[in-house]
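J.: To start, I am sharing the structure in question, which I have written as structure tokens.
Rule-based calculations on the coordinates, nothing more; no lab input. All of these numbers come straight from a predicted model, not from anything done at the bench. In this analysis, Cβ positions are derived from the backbone assuming ideal geometry, glycine residues included, and neighbour counts consider all displayed protein chains.
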Amino acid sequence: MNALIVSTSKIYGSPYLAYLEKPVKAFFKDKRQLLFIPFARPGGITWDAYTALAAEKFAAFGLNLKGIHEFEDMSEALKSADGVFTGGGNTFLLLKTLYDHNLVTPLSAAVKSGQIAYMGSSAGSNITGLTIGTTNDMPIVHPPTHDALQLLPVNINPHYLDPIPDSTHMGETREQRINEFHHCNDQHVWGLREGSWLHVRPDIVTLEGPHTARLFRKNQAPIEIAPGEVNLTL
């Protein structure tokens, strides 16, 4: 398996995907047929428009990207693809649409077998875990199950935010929300800060980017993980 699990496609002060230019170019090098999965965007932007945004940036990187929805048979399109990028948006909508089109199983199998190199950002990263139970999104629709692609033996929490010192906000912090998740669930949760990503390969997993990640384990104190080689289920 070869996967980039990216916290966000855009960081503050930088255009869409710009900070990821070098890793994306290296990751998809020599890949001829790349598909974009635009299903996460609810309203305001069509699948065609979202695909055009991603395709324009990939073209600037020297890569050709087509929307999976442009193919009459999306499952067949997966069989001939050697790379996939799933963009961000609403994770519930993304997963429901993948289930609606019977794409969860073939996509997961294609990535796990190494046929397809997979890159996901935000919602596209949420679906790489065991479930989408640690997404930050509201359940605007209901997929048949929260079970995701299960490429990883953990859950992902993209856009992880640390508590703000001296904040007067009285709502739960992200850490408190993940602790609530662990009252009812056992799997580890990786909090990925914006600008960071996991690169998952068969023999090694690395945390990349400028930030540490926060690893949450049930009934244990969270720990900070430095960039470099990591163990997902430490």
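J.: Run the dipole for the range 83-234 about the Cα centre, Lys and Arg Cβ at +1, Asp and Glu Cβ at -1, nothing else charged, and hand back the magnitude in debye, nearest 20.
T.: It works out to roughly 280 debye.
J.: Note the angle between two axes, namely the Cα long axis of helix 174-184 and the longest principal axis of the Cα atoms of the chain, as a number of degrees from 0 to 90, rounded to the nearest 10.
T.: Helix 174-184 sits at roughly 90 degrees to that axis.
J.: Can you list the lysines whose alpha carbon is less than 25 Å from that of residue 57, not counting same-chain residues fewer than 8 positions off?
T.: Output for residue 57: 10, 22, 25, 29, 31, 66, 79.
J.: Which peptide among 39-51, 216-228 comes first, and what is the full order, when sorted by highest mean count of other Cβ atoms within 10 Å?
T.: Descending mean neighbour count gives 39-51, 216-228.
J.: While we're looking at this one, here's another question. Compute the angle between helix 91-100 and the longest alpha-carbon principal axis of the chain, please, reported from 0 to 90 degrees and rounded to the nearest 10.
T.: So the helix axis and the longest Cα principal axis differ by about 40 degrees.
J.: Hey, can you rank 79-85, 19-25, 199-205 by average C-beta count inside 10 Å, highest first?
T.: Top of the packing list down: 79-85, 19-25, 199-205.
J.: Over the chain, calculate the relative contact order: mean separation of alpha carbon pairs under 8 Å at least 6 apart, over the residue count, as a percent.
T.: Computed over the chain, the figure is 21 percent.
J.: With an 8 Å cut-off on Cα pairs and a minimum separation of 6 or more residues, tell me the relative contact order of the range 110-217 in percent. Working shown, then result.
T.: On the way: 159 pairs, mean separation 23.1, N = 108.
Result for the range 110-217 is 21 percent.
J.: Based on the Cβ-Cβ distance of residue 184 and residue 229, what FRET efficiency does E = 1/(1 + (r/R0)^6) give at R0 = 30 Å, to the nearest 0.05?
T.: For R0 = 30 Å, the calculated efficiency reads 0.45.
J.: Continuing with the same structure: Could you work out the local net charge near residue 7, counting Lys and Arg as +1, Asp and Glu as -1, over the other residues with Cβ closer than 10 Å to its Cβ? Numbers along the way, then the final one.
T.: Details: positive: 193; negative: 194.
Overall, the nearby charge balance is 0.
J.: Oh, and also: Just to confirm my numbers, what's the Cα centroid distance between the range 94-148 and the range 1-24 in Å?
T.: Distance between centres, Cα-based: 19 Å.
J.: Could I ask something else about it? Out of the DSSP beta bridges found with both residues in the range 3-229, what percent are antiparallel (nearest 5)?
T.: Just about 50 percent of them are antiparallel.
J.: May I pose another question? Using unit Cβ charges (K, R positive; D, E negative) and no other charged atoms, how large, in debye to the nearest 20, is the dipole of the range 1-122 about its Cα centre?
T.: Dipole of the range 1-122, to the nearest 20 debye: 440 debye.
J.: Here's a follow-up. For the chain, list log₁₀ I(q)/I(0) at each q in 0.07, 0.08, 0.10 Å⁻¹, using the Debye formula over Cα point scatterers of equal strength and ignoring solvent, two decimals each.
T.: The Debye formula, applied to the Cα set alone, gives -0.21, -0.27, -0.43.
J.: Calculate how steeply helix 47-60 sits against the longest principal axis of the alpha-carbon atoms of the chain, using the helix alpha-carbon long axis, and give the answer as 0 to 90 degrees to the nearest 10.
T.: The two axes meet at around 90 degrees.
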